[in-house]
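See below for the structure under consideration.
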Amino acid sequence: MQTVTLNKTMTKRMAQPVLMHKNWDESVTVDLATKNVNDLSDARRLLNKAENVIRAQENRIRQLEDMALTDELTGLLNRRGFILSLQRELALSRRDVGSSGVLVMVDLDGFKTINDVWGHGAGDDYLQAVAHTFLSNVRPSDVVARLGGDEFAILFTRMTETVGMKRMEKLEKSFNSSIMHLGDQVLPLRASFGLACYSSTDTPETILAAADRKLYAHKARHHQTQRR
């Protein structure tokens with residue numbers, strides 16, 4: 001059995017931390033607490049600043065994405081945005097066997113004359129009136145796009161060819177009886193329409209080509225009728 005003998009020096013050394021604790025300056029504790037609070041506040045400010053930067057960057061990215069998919073003049077989808085919408089609808093139709101929709105191609109009649117006679121400013125106003133007329137005659141679930149120049153497209157989603165044909169004929173009649181005012185002048189809205197039904201077996205290229213053929217066949221019949 002070992003016996004430990006503590007001398008006065010060892011006892012004093014062991015007691016020293018206790019004595020330091022008893023004589024601890026409270027101001028040191030306050031300073032440390034204040035520093036911790038300040039550090040936490042600084043961290044929160046930096047975190048808020050970082051979150052604001054991230055939100056601004058996300059908003060900017062969304063704006064750039066919207067610009068990349070939207071026609072600046074009319075606010076409609078552009079060709080790229082329309083193709084993405086068409087791809088999405090075709091994918092949905094592949095998951096829901098038997099579902100279909102209708103693509104309507106639209107080509108304005110006499111638009112070049114409006115630009116030549118009234119100027120490009122009038123042409124821009126005309127295109128905006130065309131966009132407004134289309135949007136006023138479709139469902140919220142339908143898709144309207146300006147593919148470029150005087151060419152537009154409308155996607156009637158979840159619709160049979162028979163119903164789509166009736167919808168297109170109604171839209172064509174309404175559109176071709178509409179007008180726009182240009183100062184004291186009245187300009188009629190005129191366009192030719194072509195329809196193609198799509199299903200799960202189609203691709204964007206095949207459905208656009210089919211609707212194009214129907215459109216130009218319609219224009220050819222219209223011109224033949226005018227010459228008689």
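The values are calculated or read from the model by the stated rules, or taken from the named source; none is laboratory data. Everything numeric in this text was worked out from a predicted model, so none of it was measured. Counting neighbours? That spans all protein chains shown, and the Cβs are built from the backbone with ideal geometry, glycine included.
On the given criteria, is T206 at pLDDT below 95 and in contact with a Lys or Arg (Cβ under 9 Å, 6 or more places away or on another chain)? In short, no.
Residue check: M159 meets all listed conditions (1) at pLDDT below 95; (2) touching a Ser or Thr at 6+ places or on another chain (Cβ under 8 Å); (3) surrounded by fewer than 18 Cβ atoms within 10 Å (Cβ to Cβ) but one, namely (3).
Restricting T113, T133 to those that are outside any strand (DSSP E or B) and touching a Ser or Thr at 6+ places or on another chain (Cβ under 6 Å) reduces the list to T133.
Within segment 138-156, the set of residues being basic (K, R) and crowded, with 17+ Cβ neighbours inside 10 Å comprises R146 only. Can you tell me which residue in segment 103-121 is surrounded by the most Cβ atoms within 10 Å (Cβ to Cβ), limited to those that are touching a Leu at 6+ places or on another chain (Cβ under 7 Å) and modelled with pLDDT under 95? Going through the qualifying residues, I end up with I114.
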